[in-house]
Structures are given as C-alpha cells and as structure tokens.
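The structure appears right after this line, and notes come after that.
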Amino acid sequence: MQIHDPSATDIVDEADVYTDLLPLDGARVIELGCGAAGHTRAIAGTGRPASVLACEVDDLQHQKNLEATDIPDSVTFARAGAEAIPAAANSADVVVMFKSLHHVPTESMDVAMAEIARVLRPDGLAYISEPVYAGDFNEVLRLFHDEGEVRRAAFEAVRRAVGGGLLGLVEQRFFRTRNDFDDFADFEERVLGVTHTHHDLSPELYEKVRETFEGYMGPDGARFLMPIRVDLLRSPA
C-alpha cells in the first residue's frame with residue numbers, strides 16, 4: 001500500500017469514482033462522517049440503494065441533517081461515530097467514509113476499522129477516501145490546522161487492518177478533485193466556520209491565512225486541486 005502517488009494527475013469528480021467501484025444497486029449502505037450529507041444525497045438520490053444509514057458525530061451538523069427537507073426516504077441519520085456504529089454485525093453491503101477517517105481520534109482509529117469489519121457482511125466493501133498531505137490547498141490549511149500526523153495515522157490504521165487480515169485490499173486509486181472557492185468569505189464560511197473543528201486564529205494568523213489564500217485568487221475565484229487516495233477494502237468471505 002502507498003500513501004500517495006505524485007504521478008496521479010487525473011482530475012475526477014469523486015462521485016464518478018465510487019459509482020464505478022461500488023455495487024450500490026439494492027445495497028445496504030452505511031456512511032461514516034456524513035457531514036452536510038452531500039454524498040449521502042448523491043448516493044441515495046440514485047434510487048438504487050436499499051437503505052443508507054448516515055452517521056455524523058458533530059451535534060450541530062447532525063441536527064441540520066435531521067431538519068433537511070430534501071433527503072430521500074431511504075436515508076436514516078444517526079448521531080454516531082465510526083468507533084461505535086449503530087448497526088448489527090454483517091448488516092451492511094457497503095461502508096463509505098469520505099475524508100473522515102483522519103477526523104477520528106487517533107487512539108480510536110483501529111477500533112473504527114474493527115467496527116467497519118464487524119458491520120460488513122462477508123464480501124462487503126469499504127470505500128475509504130482520504131485527502132493526501134500535498135497540494136496548494138494543503139499549504140493554506142496547514143497554516144492553522146496541520147493534518148499531517150492525523151492523515152498519516154489514518155493511512156497506518158487502514159494498513160494495519162489489511163496487514164492483520166481484518167479487511168482485504170481490493171485496490172487503491174489516486175486522483176485529484178476540484179476544491180473551489182468564490183472568495184475568502186466563501187473559504188471562511190466553509191473551512192474556518194465548520195462546526196466539527198474549532199479554529200481559534202489570532203488576528204495575526206487570520207491575516208496570514210487570508211493573504212496566503214488570496215495569493216491563489218484568480219478572476220473566477222480560488223481554484224484548488226486536492227489529491228485524494230481511495231482504499232477499497234473487502235470483508236473476508
């Protein structure tokens with residue numbers, strides 16, 4: 001397994017990746033760390049999965065998800081983390097995590113991988129995508145929230161799960177996906193203002209982040225390409 005492939009330059013919509021890799025027709029899907037439920041809507045909106053259990057650990061975001069009026073009937077939201085999935089053993093065909101494993105406390109990542117293995121049926125699939133610690137957007141982010149250690153820890157947790165036989169590696173995919181912002185106000189709302197992580201920037205650091213971000217601004221806003229790694233794993237038969 002490798003943590004990064006610098007030669008991977010394809011620019012891809014991640015929805016195209018997971019719809020290509022995952023058998024979603026009639027599937028019982030569990031999403032861990034669903035956030036604002038963008039991927040939840042996309043997966044359930046196809047009308048193909050039998051059910052989607054979307055778990056989110058952040059109270060504020062979970063409440064927003066419960067209050068949303070555009071959620072397909074196949075979706076159920078749960079206030080839960082990956083360390084304690086509210087589902088029975090062998091009850092899921094597919095488990096997905098979109099850029100959320102590195103948000104699990106480091107000491108609980110192995111527990112989260114064990115929970116994924118527990119809820120997957122034999123031959124079920126786990127799709128885990130993680131941002132690679134590289135690229136221009138990462139240079140802005142690490143000024144106030146350096147994720148180098150937790151992203152490495154997430155990769156090592158997956159590698160331990162595979163090395164220990166808990167889950168088998170089907171394949172890895174590396175690509176870049178767009179991460180665009182209209183302006184710094186858009187970045188401030190979507191990144192600095194997230195509720196799952198508290199960013200307390202001093203005035204000096206705030207100004208440094210703003211200046212660095214605006215260095216990437218063009219006539220159409222700030223356009224970033226974020227490198228992504230996908231680990232596709234299979235539950236043993």
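From the C-alpha coordinates alone, can you work out the Kirkwood hydrodynamic radius of the stretch 131-230, in Å? Taking every pair of different Cα atoms in the stretch 131-230, averaging 1/r and inverting gives 15.3 Å. Most tightly packed first, judged by the mean number of other beta-carbon atoms within 10 Å of their residues, the peptides 111-122, 25-36 read 25-36, 111-122. Here the chain is treated with +1 on each Lys and Arg Cβ and -1 on each Asp and Glu Cβ, and its dipole about the Cα centre works out to around 940 debye. Considering only Val12, Gly35, Ala88, the residue lying farthest towards the positive end of the dipole of the stretch 1-98 is Ala88, judged by Cα position with unit charges set on Cβ.
Considering only Glu204, Glu188, Glu14, give the residue with the highest GNM mean-square fluctuation for the chain, with springs between Cα atoms whenever their separation is below 10 Å. Per the Cα network of the chain with a 10 Å cutoff, Glu204 tops the list. From the coordinates of this entry, Rg and Dmax of the Cα atoms in Å is computed, and it appears in (i) 16.3, 46; (ii) 16.6, 51; (iii) 17.8, 55 under the label (iii).
None of the figures in this text is laboratory data; all of them are computed from the coordinates on show. Worth saying up front: this structure is predicted, and the values here are computed from it rather than measured. Positions of Cβ are backbone-derived with ideal geometry, glycine not excepted, and every protein chain shown enters the neighbour counts.
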